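Okay, so here's the structure we're looking at.
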Protein chains: 2
Amino acid sequence: MTEDGDGLPLADRLARRIRALLISGELSPGQRLSEAAFSERFDVSRNSLREAFRLLTKDGLLRHEANRGVFVAVPSMASVIDIYRVRRMLECGALRQAWPQHPAIRVMREAVGKGRQARDEGDWRGVGSANMIFHAAVIDLSDSARLTEFYERISAELRLSFGLLNDPEHLHAPFVDMNDTIATLVEEDRPLDAAAQMETYLNLAERTMLKALERVPQHA
Amino acid sequence: MTEDGDGLPLADRLARRIRALLISGELSPGQRLSEAAFSERFDVSRNSLREAFRLLTKDGLLRHEANRGVFVAVPSMASVIDIYRVRRMLECGALRQAWPQHPAIRVMREAVGKGRQARDEGDWRGVGSANMIFHAAVIDLSDSARLTEFYERISAELRLSFGLLNDPEHLHAPFVDMNDTIATLVEEDRPLDAAAQMETYLNLAERTMLKALERVPQHA
DNA sequence: AATGTCAATATTGTTCAACAATATTTCCGT
DNA sequence: ACGGAAATATTGTTGAACAATATTGACATT
């Protein structure tokens, strides 16, 4: 189950591990990542670590300041707004041209089920996770490897923002039913309605997110 | 005028230089890029070069095979199809929500002018260049930094495919007038028509591209 | 106490040399 | 011509080194 990516180069594996730390919130936004400390921690050379840092910087998860080192990116309102702009473009676009027998719809439907169950059990983390799966599946409707990869990056960046919030998982809960509606609309071959519903969803989610972000103390 | 990006880290500057070689066709698809040869050529260490290679690999311009090295990516029909899928999503999406006073429209209009002039002078390279500017400006209509950056990557990848063709620039020429039409539709606040026109454009361009690619001998 | 200066220290940026692991080529016997 | 083993070259990764830049701390001045 735990695919470690053994064949991949060290830097890629490293990047993956650090990414996991980032989205799980074990590294806080703004925190400085010392090359010496991390190469020690992961027991790799500084050179290999630097390659990994570069990848994550390109993904927008780390920020690089010349001669000062790399820092965990600090999500801003601007970045959240931009990310939701991207999501509207990609997710609504994918839905609009969706075809009702597409295999990804099965994944969407399963994610809705998982989300509902998790919500009923009060498992907020599970709700969030099911939500991620749902929206990734929506992107898969477009059948584009490049869009899927790009969305992964955007999604990781958004999770960084969620990490700032004190009570992040509750945000997802109200959206389980909207996912259900969207899935149903696609299944019924009403792609335009599905896209419209997704736009409503994303606008609401964006507002909720920004509102929650507003009352986060420091952006330092 | 020649912004060398002096403040940037060496690896980034290197990546930029190599990228220029790639899209200008000085490095052919499939070609192997020896670490030793290139670190010699650019007078940098192997480590720095490897960092640059990693960035370009992430951009899809290079391919990395374990213990065998990096190669210039060989564009396939599949990649062209995927890229045009992305372009339809992004460019049509950007047009659909375009607002007639957006500053990017000025850039689009200027690009149309440049393209027309270049075409009339038989400057096919200029036509292609103007075309690039036009479509990048279309993306800018979305006001998303992340989409702009993503499109840059996609665009570079597509240029790699053009490099395979024997007579690449002629492909752009017929599209100058379509760009004009699209710009006009946006100016007249008919974003849906503009998007529809763009879809026609992209479908046609994709077919043309695939047809031209079909008669390229080796894909080795 | 607050501030500015300058040396001492730590960190990043980059290079180089080394070696293990893996590919590629060369050579040789059949 | 062919298969296979030895020789060679390349990548993967490490460690140390040093220059350039940033941070810290001590000290003197106001």
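The values are calculated or read from the model by the stated rules, or taken from the named source; none is laboratory data. Since the structure is predicted, the reported quantities are computational estimates derived from the model, not experimental observations. Neighbour counts run over all protein chains shown; Cβ positions are idealised from the backbone, glycine included.
Some points to look at:
- Failed criterion for A:Asp189 (all others in (1) of a type outside the set (Ser, Thr, Tyr); (2) touching a Lys or Arg at 6+ places or on another chain (Cβ under 6 Å); (3) away from chain B (no Cβ under 14 Å) hold): (2)
- The set of residues in region A:176-186 that are in contact with a Lys or Arg (Cβ under 6 Å, 6 or more places away or on another chain) and closer than 12 Å to A:Leu95 by Cβ contains only A:Ala183.
- Counting only helices (runs of 4 or more DSSP H) that sit wholly inside region A:128-217, those with at least 2 residues that are β-branched (Val, Ile, Thr) and in contact (Cβ under 8 Å) with a residue 60 or more places away in the chain are A:176-187.
- Among the numbered conditions (1) within 26 Å of A:Leu55 (Cα to Cα); (2) more than 16 Å from DNA strand C (Cβ to nearest atom), the only one that B:Leu95 does not meet is (1).
- Index of the failed condition, B:Val72 passing every other in (1) buried (at least 19 other Cβ atoms within 10 Å of the Cβ); (2) hydrophobic (A, V, I, L, M, F, W, C); (3) at the interface with chain A (Cβ under 9 Å from one of its Cβ atoms): (3)
- Matching option when the condition is more than 9 Å from DNA strand C (Cβ to nearest atom) and more than 28 Å from A:Asp143 (Cβ to Cβ), among B:Ala78, B:Ala37, B:Ala73: B:Ala37
Listed here are the residues, each with its yes/no results for (1) surrounded by 20 or more Cβ atoms within 10 Å (Cβ to Cβ); (2) within 12 Å of chain A (Cβ to nearest Cβ).
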| site | (1), (2) |
| --- | --- |
| B:Ser34 | no, no |
| B:Ser39 | no, no |
| B:Phe42 | no, no |
| B:Leu56 | yes, yes |
| B:Leu62 | yes, no |
| B:Ser79 | no, yes |
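- Failed condition for A:Ser28, given (1) among the polar types (S, T, N, Q); (2) at pLDDT 95 or above; (3) away from DNA strand D (no atom under 16 Å from the Cβ): (2)
- Condition broken by A:Phe53, with the remaining ones in (1) closer than 21 Å to B:Arg153 by Cβ; (2) within 8 Å of DNA strand D (Cβ to nearest atom) satisfied: (2)
- Some residue of region A:10-28 being surrounded by fewer than 18 Cβ atoms within 10 Å (Cβ to Cβ), within 26 Å of B:Leu8 (Cα to Cα) and within 13 Å of DNA strand C (Cβ to nearest atom): yes
- Residue in region A:39-50 that is more than 14 Å from DNA strand D (Cβ to nearest atom) and either on the phi > 0 side of the Ramachandran plot or of a type in the set (A, V, I, L, M) (or both) present: no
- Taken together, A:Ala98, A:Ala104 contain a single residue that is within 30 Å of A:Leu192 (Cβ to Cβ), more than 14 Å from every other protein chain (Cβ to nearest Cβ) and in contact with a Leu (Cβ under 6 Å, 6 or more places away or on another chain), which is A:Ala104.
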